[in-house]
Amino acid sequence: MPDSVDNEASAAATSEGQPELRRRRDRRRAEGDDDAWTGTMPIITPNDSDTPSAPAAPLQSRSWAEAAAAADASIEAEPVREDSANEDSANEDSSREEPGVEGLTAAAPASGAPALTAGRAGRAAAANAPISDFISSPGSFVKEQKPRPIGGFRGMLYKLTGGAWNLGPSAKQREEDELARRISRQLQGSYNTAVLSLKGGIGKTSTTVGVGLTLAEFRGDPPCAIDANPDSGDLVERALGEGIYQKATPRTITDLLKNVENVDSLTALARYMHHAGRLHLIAGEQDPEVSDSLTAEEYLRIRQLISAYYSVALTDCGTGVTHNAMSGILQSADNLIIAAGYAVSGAKRARSTLQWLASHGYEELARNAIVVITDKDEVSSRVDKDAIEEHLSGICRQLIAVPHDRGVADGDLVTLDVLRPETRRAYKEIAAAIVDGYV
């Protein structure tokens, strides 16, 4: 019982010390709202009445998405800060710690021009950030590998060390690689190069075969060579060898013309062609009675057929520029090779050929022609080769000399394997110059 008395005395003292609280409780009970009271009123200090009330804090959003939406709405309601804002303010903003979700809603704009909130600025910076280097340039994470040297001291050192010492390709190998790149360029469309001369026996057909085989070696698509020589041309014999050609089916350009309307695929066309590796050839007519009967219109029909399946074609024109098919050949040619020799007569004829072309409506072909001087007969030391080259170099796009080589001079089979390196290099230069004229 003493405890109960003490408790009642304590409660009475408390009630007497809080008259305001007692009056509010009695009022609620009188109004019948006693059941709704579930909390405790805040303690009112004596100084509360003298201190101005602080603004109410904004309600907290229930999710990040709502907080972000609220921040965006507050930004759209205010003008965006101009790009010319003070640099000090920008530095100060960048040094501030980015607030959390609460900061997105509670942050108030500073005095003057309102600033972007840190959350909005962070999202904008992330959206405008450059793409990762790994995505935009994955190759930047891989060290560039030096090309492998081939031959010579560099190639030997590379092999002996198992690739540990790689000095890279020599200057000569880099030049060879550049020639290969020029020859192998992809072409849009079909192009034709005519090989002609005013004098026979100076390397016209051997140049056609050598350059054709070189194009076939470096290009992804096989080239085609057409024998349009009216004087029983031997283009296929020089590419295949006399024995192999005699055993092959004797299909010629005349046979193709008779059935050209029925050729509607590369498979059908292959029946009238010969193949020296990847070089595809159309043989010239061997019968003397009909060899000179190829007209310009007939050649154009052959050229149109070839253009549907081959991007590069070479045409061995024979000797002279006035035979029946020559107007059709020149009309469809994209560039020319003028064959010449290291002799006064050969140089003069080559110059006469270019002059004739320029004066008969083919000035562009003459200006962009490639003059090829073949040292077929190993001329006497009394012949001034430099003077002959100088005589021709100023009237054409490029002059290339083919050194003396028995693989060319014998007049038989021409294969790249038996040619001297200097001869093969000359054919590469001719092939690259041809493709240069296409692009």
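Here, each number is a calculation from the coordinates, and none is a lab measurement. Since the structure is predicted, the reported quantities are computational estimates derived from the model, not experimental observations. We place every Cβ from the backbone using ideal geometry, glycine too, and count neighbours over all the protein chains shown.
Key figures for this structure:
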quantity	calculated
Residues whose placed amide H lies under 5 Å from that of residue 342, excluding near-sequence neighbours	374, 376
Long-range amide H partners of residue 199 with built H, under 5 Å	320
Phi-based couplings in Hz for segment 158-171 (Karplus 6.51, -1.76, 1.60; Gly and Pro marked x)	5, 5, 5, 9, x, x, 5, 10, 10, 7, x, x, 6, 4
Hz values of 3J(HN,Hα) by residue in segment 222-229 - Karplus curve (6.51, -1.76, 1.60), Gly and Pro given as x	x, x, 10, 10, 10, 8, 10, 6
Highest to lowest packing among 354-360, 296-302, 338-344, scored as the average C-beta count within 10 Å	338-344, 296-302, 354-360
In sequence order, calculated HN-Hα J values of segment 415-426 (Karplus, 6.51, -1.76, 1.60; Hz; x Gly/Pro)	10, 5, 5, 9, 7, 5, x, 5, 5, 4, 5, 5
Where GluC sites (Glu not before Pro) fall in DSSP loop in segment 138-237, at most 11 other Cβ within 10 Å	144
Under the Debye formula (equal points on every Cα, no solvent term), log10 I(q)/I(0) of segment 374-439 at q = 0.11, 0.15, 0.29 Å⁻¹	-0.32, -0.58, -1.23
Computed magnitude of the charge dipole of segment 344-399 (debye, nearest 20; Cβ of K, R +1, Cβ of D, E -1)	160
Euclidean distance of C-alpha centroids, segment 210-226 and segment 249-288, integer Å	17
Extended-chain gain in nm, criterion 0.36 nm per residue less alpha-carbon gap, residue 164 and residue 417	87.9 nm
Leading residue at positive end of dipole, segment 330-409 (Cβ point charges), from 391, 333, 345	345
Packing-based ranking, highest mean first, of 270-278, 385-393 given that Cβ atoms within 10 Å are counted	270-278, 385-393
Residues whose placed amide H lies under 5 Å from that of residue 170, excluding near-sequence neighbours	150
Contour excess over end-to-end distance, with Cα ends at residue 356 and residue 368 and 0.36 nm allotted per residue	2.9 nm
Residue-span extension gain [residue 286 to residue 266] - 0.36 nm each, minus C-alpha spacing	4.8 nm
Alpha-carbon centroid distance for the pair segment 147-196 / segment 394-427, whole angstrom	19
